[in-house]
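Accompanying notes for the structure given below.
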Amino acid sequence: MKSWLRLFLASFALVATFALASAVASAQAYVGRPKLIVLVVIDQFRGDYLNRDHDKFKGRGFRIFTDEGAWFTDCYYDYGNTKTAPGHATLGTGAYTDGHGIETNEWWDAARSYEHKVSSVEDERYQLVDIPAGSIPANQPGAPADAAKFLIGSSPRNLRATTFGDELRLATQGRARVFGVSLKDRAAILPAGQSANGAFWIDTASGYFTTSTYYMEHLPEWAKAFNDGGHAAAAASEAKVEGTTQFYELVGHTPVANRYELDFAKALIEGEKLGQGDATDFLVVSLSANDIQGHQFGPDSESQEEMILSLDRDLDSFYSWLDKSIGLKNVWLALSADHGIAPIPAEAAKLGIHAARLNMQTVYAQLNAKLSERFARGKQEQYILPGSDLPYITLDRRAFEKAGVDEKTAEEAVAALLPELVASQTPQPTEPLPLQHRLAPGPQFVGAYTRLTLASGQLPPSEWGRLLAHSYADHGNWFVFLALGAYQMSGGPNSDGTTHFSTWSYDRHVPLAFYGAPFVPGEYHERVAPVDLAATLASLAGVNQPSAAVGRVLTEAIKPAKPVN
Ligand SMILES: [Zn+2]
């Protein structure tokens, strides 16, 4: 055969093979990369809400996931520090606190300050940008001469792992663009990552969106136009708090705040032309309003249900807008939350659950008194740093070191005192109980684990031990991790509301769902975890897993890319 003919036939065969292969593949598999991936994180949204309110959902808000997407009903965080900052870091990095380094929202950082706790993203090397003049401390009426002329900035300085967004940026030499949006700085910054093109959150007084000089010197024109466009004033008016200088508190806890954020996200997508480049872009929108309200009224309140149903309508409208502007066939959507929430203790106690509050101020005072007896010969010293959020109790190592006490002795002394101090807050009956009468439940001690124990990994080889090991990060201070009984939390006699922080299922249960070309629609009951989100997106996008990722690729929900023989 002549060589040109051989070449022709060979080429023909090759083309035919490709055509056949692609025809087979396109029948079963997703084709190509999306133009845009949008992750919506709802701040404080327990996994069971999607079941509980499903019949009331309309349109394609939540139902785009539950009815058309791949919906994982049993997604649980595998750690015991279920707070906002670590939850968002986990969703971005596919790692837990022992991998990404974020253990709670703010902590005592021995290397940075003993004057105040630092927040997970606070960074004094940067400034917030384009803050309205009225929100600057120096411009307040009667401000002292040394009042600050700017607000301290934020950055992902404490985030030790890369995110899915970072890996997209690395894989495309920066052509993929990555952004985060939230009312809260930590929730915009941490899931987006170190290399994000921008993260935007609000100035809490005015509601105007801002960012930090870590990202840019000034807001982009589209963001300035949004701030100047009267959106904050309109939102305040809709929330019936016109002219407020407490936007975060007063508008932030209403459904209006979710719409306000989604409107900003639309402005961002248009302004940055997301989904119009030659690489896949990634946007994280963390909706804060459910959390701000949920802490006040609890998960079972009418107002929380109204918030959820209102968000359902707002997501429907946001996804319809995405469909018109970019086309949902070009977009992958994901949905999750940073943590769940406990019912209000008094409400759960009415049903007979051992729900209770532990007065931590009392515990701290007793700890300081007993440690002073032992280590300061009765002279009153402060051995515990104030205001750490459970599950962590932070020791003031300077006070112990002054008394010549080493870390092991100090942490073990605190851990040994806690069972008795917790038990002492359980009310005891003063008279014989009448029949059919239950005692009011009191707080229960479950475990206290020293920093040294967590650091050395000397934990039970059980699920419980694994949860604790995942909750460890070191910021230079000594601490003890305190586990209370389920449905219990800190609080004084006059506390209301509820919170999330614990190792128990209701704090760890969140939604996990996907919509888009590569996903096999269905309801999946396999136990999965939020770390699986970044692992799955990275695998589908064909990029490296984030640097500390431990998640599983959710292969059961992915269409085969090639027919399997
Ligand atoms: Zn949160």
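Let me spell it out: the conditions are (1) open to solvent by 10 Å² or more (accessible area, probe 1.4 Å); (2) under 23 Å from TYR515 (Cβ atoms); (3) not hydroxyl-bearing (Ser, Thr, Tyr), and LEU311 meets all of them except one. Which number is the exception?
Among (1) open to solvent by 10 Å² or more (accessible area, probe 1.4 Å); (2) under 23 Å from TYR515 (Cβ atoms); (3) not hydroxyl-bearing (Ser, Thr, Tyr), the lone unmet condition for LEU311 is (1).
Could you give every pair whose Cβ atoms fall below 7 Å, whose first residue belongs to the stretch 261-283 and is free of Cβ contacts under 8 Å to residues at least 60 places away in the same chain, and whose second residue is surrounded by 17 or more Cβ atoms within 10 Å (Cβ to Cβ) and of a type in the set (Asp, Glu), counting only separations of at least 6 or pairs across chains?
Pairs that qualify, where the first residue is free of Cβ contacts under 8 Å to residues at least 60 places away in the same chain and the partner is surrounded by 17 or more Cβ atoms within 10 Å (Cβ to Cβ) and of a type in the set (Asp, Glu), are LEU262/ASP314.
For the stretch 169-194, give me the residue count where each residue is under 24 Å from ARG552 (Cα atoms) and either modelled with pLDDT under 95 or open to solvent by 10 Å² or more (accessible area, probe 1.4 Å) (or both).
5
Can you tell me how many residues in the stretch 320-378 are closer than 19 Å to ALA483 by Cα and within 16 Å of the ligand (Cβ to nearest atom)?
4
Which residue is farthest from SER490 (Cα to Cα), if the candidates are limited to the stretch 387-401 and must be out of contact with any Phe, Trp or Tyr (no Cβ under 7 Å at 6 or more places or on another chain) and at pLDDT 95 or above?
For the stretch 387-401, the residue satisfying everything is GLU401.
From the residues in the stretch 98-121 that are crowded, with 19+ Cβ neighbours inside 10 Å and charged (D, E, K, R), which one is farthest from HIS470 (Cα to Cα)?
Looking at the filtered set, the residue picked out is LYS117.
Could you check how many residues of the stretch 384-410 are among the hydrophobic types (A, V, I, L, M, F, W, C) and part of a loop (DSSP other than H, G, I, E, B)?
Count: 4.
Limited to the stretch 158-186, what total is found for residues that are aliphatic (A, V, I, L, M) and within 18 Å of MET216 (Cα to Cα)?
3
Determine whether PRO137 is out of contact with any Lys or Arg (no Cβ under 6 Å at 6 or more places or on another chain) and more than 16 Å from the ligand (Cβ to nearest atom).
Yes.
Which condition number in (1) open to solvent by 50 Å² or more (accessible area, probe 1.4 Å); (2) of a type outside the set (Ser, Thr, Tyr); (3) under 22 Å from THR244 (Cβ atoms); (4) modelled with pLDDT of 95 or more is the one that GLN140 fails?
(4)
Only residues that are out of contact with any helix residue (DSSP H, G or I) (no Cβ under 7 Å at 6 or more places or on another chain), touching a residue at least 12 places away in the same chain (Cβ under 8 Å) and either open to solvent by 10 Å² or more (accessible area, probe 1.4 Å) or more than 16 Å from the ligand (Cβ to nearest atom) (or both): list them for the stretch 292-305, please.
ILE292, HIS295, GLN296, GLU305
Any residue in the stretch 48-72 that's under 13 Å from LEU335 (Cα atoms): show its pairings with residues that are acidic (Asp, Glu) and open to solvent by 70 Å² or more (accessible area, probe 1.4 Å) at Cβ separation under 6 Å, as long as the two are six or more apart or on different chains.
Close Cβ pairs satisfying both conditions: TRP71/GLU523.
If you check GLY165 against the conditions, is it surrounded by fewer than 24 Cβ atoms within 10 Å (Cβ to Cβ), among the small types (Gly, Ala, Ser) and closer than 23 Å to PHE282 by Cβ?
no
The values are calculated or read from the model by the stated rules, or taken from the named source; none is laboratory data. Here the structure is a predicted model, which means the values were calculated and not measured. Cβ sites come from the backbone with ideal geometry, for glycine too, and all protein chains shown count toward neighbours. We work out accessible area using only protein heavy atoms, side chains counted, and drop any ligands, DNA or RNA first. Shrake-Rupley method; radii C 1.70, N 1.55, O 1.52, S 1.80 Å.
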